[in-house]
1. Return the residue satisfying two criteria in turn: it lies in segment 152-177 and is surrounded by 21 or more Cβ atoms within 10 Å (Cβ to Cβ) and among the β-branched types (Val, Ile, Thr), and of such residues it is nearest to residue 190 (Cα to Cα).
2. What tally of residues in segment 335-349 results from selecting those that are surrounded by 15 or more Cβ atoms within 10 Å (Cβ to Cβ) and either farther than 21 Å from residue 239 by Cβ or touching a Phe, Trp or Tyr at 6+ places or on another chain (Cβ under 8 Å) (or both)?
3. Just to be sure, is residue 69 among the acidic types (Asp, Glu), farther than 30 Å from residue 321 by Cα and touching a Phe, Trp or Tyr at 6+ places or on another chain (Cβ under 8 Å)?
4. Only one residue in 75, 36 is assigned to a strand (DSSP E or B), within 15 Å of residue 4 (Cβ to Cβ), of a type in the set (D, E, K, R) and within 25 Å of the chain's Cα centre (by Cα), so which one is that?
5. Out of the residues in segment 213-237 that are of a type in the set (S, T, N, Q) and either closer than 25 Å to residue 316 by Cα or touching a Phe, Trp or Tyr at 6+ places or on another chain (Cβ under 7 Å) (or both), state the one that is surrounded by the most Cβ atoms within 10 Å (Cβ to Cβ).
6. Report whether or not residue 139 is in the same structural domain as residue 277 (by TED's automatic domain parsing), closer than 27 Å to residue 322 by Cα and surrounded by fewer than 17 Cβ atoms within 10 Å (Cβ to Cβ).
7. Kindly establish whether residue 280 is in contact with a strand residue (DSSP E or B) (Cβ under 6 Å, 6 or more places away or on another chain), aliphatic (A, V, I, L, M) and assigned by TED's automatic domain parsing to the domain that holds residue 128.
8. Going residue by residue through segment 314-326, is there one that turns out to be part of a loop (DSSP other than H, G, I, E, B), over 18 Å from residue 118 (Cβ atoms), not aliphatic (A, V, I, L, M) and not assigned by TED's automatic domain parsing to the domain that holds residue 17?
Amino acid sequence: MAQIDAFFKLMHDQGASDLHLASGQQPALRLNGDIERIKYDRLTSDKLRGMLYEITSQEKIKVFEETGDVDFGYEIPGLARYRANYFMQKNGISAVFREIPSDILTAEQLGLPPVISKLADLPRGLVLVTGPTGSGKSTTLAAIIDQANKTRKDHIITVEDPVEFVHKSHACIINHREVGTHTQTFSAALRGALREDPDIILVGELRDLETISLAVEAASTGHLVFGTLHTSSAAKTVDRIIEVFPSTEQAQIRSTLSDGLRAVVAQVLFKRIDKKGRCAAMEILVATPAVRNLIRESKTHQISSMIQTGKQYGMQLLDDAIMGLYKKGWISPDEAYSKANNKGIFRPFLKTQPTDFTEA
């Protein structure tokens with residue numbers, strides 16, 4: 001057993017989402033969104049480097065020492081998988097580990113809206129799950145892939161950096177590919193995937209023009225493609241996809257995207273105040289013919305209105321979802337206000353008015 005595994009066991013037992021190890025500081029856990037120090041000596045750079053290198057392959061160590069950054073996956077059988085990131089900083093080496101649960105929760109267990117499960121049944125198209133880092137995008141996608149894995153008879157390829165949730169093949173065949181280990185880049189893996197007879201492709205992150213272009217192309221040629229972006233709303237997600245392309249190509253990508261897009265799920269995590277844990281609020285856009293028309297005609301500013309009138313399709317605005325959580329007594333008014341798109345809706349519920357000058 002590696003020395004660092006004791007921290008992972010503590011992390012697991014406490015229900016923490018992340019472990020922070022930084023040279024010159026005490027170790028810390030992120031518990032329900034907050035950083036909490038562990039009662040332990042400050043870590044020297046040499047001691048921490050020894051602990052980290054004990055669980056790291058020589059190949060990854062070489063990458064880290066050449067670049068100052070490295071990502072990879074680490075697993076403790078019977079406990080959990082971890083997404084690891086090492087980086088150099090002023091005081092020496094540091095690392096952050098995100099726990100990836102071994103058990104994949106279903107959409108129902110996660111309390112997700114019913115329309116989320118239906119995304120696993122789509123025959124083709126592009127589905128985007130968006131939100132800030134640590135908002136639960138991977139967990140939502142894992143639930144959707146798990147549903148497809150159990151109910152379809154297809155070939156699923158995942159491309160991630162690193163591999164997070166590991167799915168055992170049930171009715172489907174699943175192949176996991178890790179960028180940097182099994183393939184050089186997301187775009188290279190996507191190009192290869194189109195020759196590997198896939199039905200469903202999961203792209204861990206749509207980072208650049210080539211990857212986005214290939215994902216949209218795959219969705220338009222009969223594949224079901226899932227991907228993530230760091231955007232805060234459905235409308236901004238559509239704009240982000242289009243704005244990646246040169247202006248001379250944007251009219252064409254609007255047309256292609258309008259045909260291929262099936263849904264956008266933008267989510268935010270909240271700390272619960274009624275019990276320990278966190279919950280997600282989701283904005284859900286379903287690409288109805290009317291929504292496709294807005295994308296094609298460059299009227300994405302009207303998407304929010306379309307979501308508001310599309311509840312029969314399972315659509316909902318993020319602020320409506322946040323309001324639902326607030327009325328249930330699950331989240332605080334301050335956090336609801338801080339993460340809402342239209343903050344004015346939640347201002348009357350605040351005991352003290354905010355001092356954030358950027359919201360003036």
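1. Across segment 152-177, the extreme among qualifying residues is 159.
2. 9
3. Numbers: among the acidic types (Asp, Glu): yes; farther than 30 Å from residue 321 by Cα: yes; touching a Phe, Trp or Tyr at 6+ places or on another chain (Cβ under 8 Å): yes.
Here the answer is yes, as residue 69 does meet what is asked.
4. On the way: 36 fails: within 15 Å of residue 4 (Cβ to Cβ).
Of the residues listed, the single one that is assigned to a strand (DSSP E or B), within 15 Å of residue 4 (Cβ to Cβ), of a type in the set (D, E, K, R) and within 25 Å of the chain's Cα centre (by Cα) is 75.
5. Within segment 213-237, the first condition is being of a type in the set (S, T, N, Q), and the residues that meet it are 213, 220-221, 228, 231-233, 237.
Still in the list and also either closer than 25 Å to residue 316 by Cα or touching a Phe, Trp or Tyr at 6+ places or on another chain (Cβ under 7 Å) (or both): 228, 231-233, 237.
Values: 228: 22, 231: 19, 232: 19, 233: 21, 237: 26.
Among residues in segment 213-237 that are of a type in the set (S, T, N, Q) and either closer than 25 Å to residue 316 by Cα or touching a Phe, Trp or Tyr at 6+ places or on another chain (Cβ under 7 Å) (or both), the one surrounded by the most Cβ atoms within 10 Å (Cβ to Cβ) is 237.
6. When the stated conditions are applied, residue 139 does not pass them.
7. Answer is yes for this residue.
8. Filtering segment 314-326 down to residues part of a loop (DSSP other than H, G, I, E, B) leaves 314-315, 317.
Now drop any that are not over 18 Å from residue 118 (Cβ atoms), which leaves 317.
Checking the rest, the ones that are also not aliphatic (A, V, I, L, M) come to none.
Within segment 314-326 (the criterion being part of a loop (DSSP other than H, G, I, E, B), over 18 Å from residue 118 (Cβ atoms), not aliphatic (A, V, I, L, M) and not assigned by TED's automatic domain parsing to the domain that holds residue 17), the answer is no, since none of the residues qualifies.
The values are calculated or read from the model by the stated rules, or taken from the named source; none is laboratory data. Treat the numbers as computed from the prediction; the structure is a model and nothing was measured. As a convention, Cβ positions derive from the backbone with ideal geometry for all residues, glycine included, and neighbour counts pool all protein chains shown.
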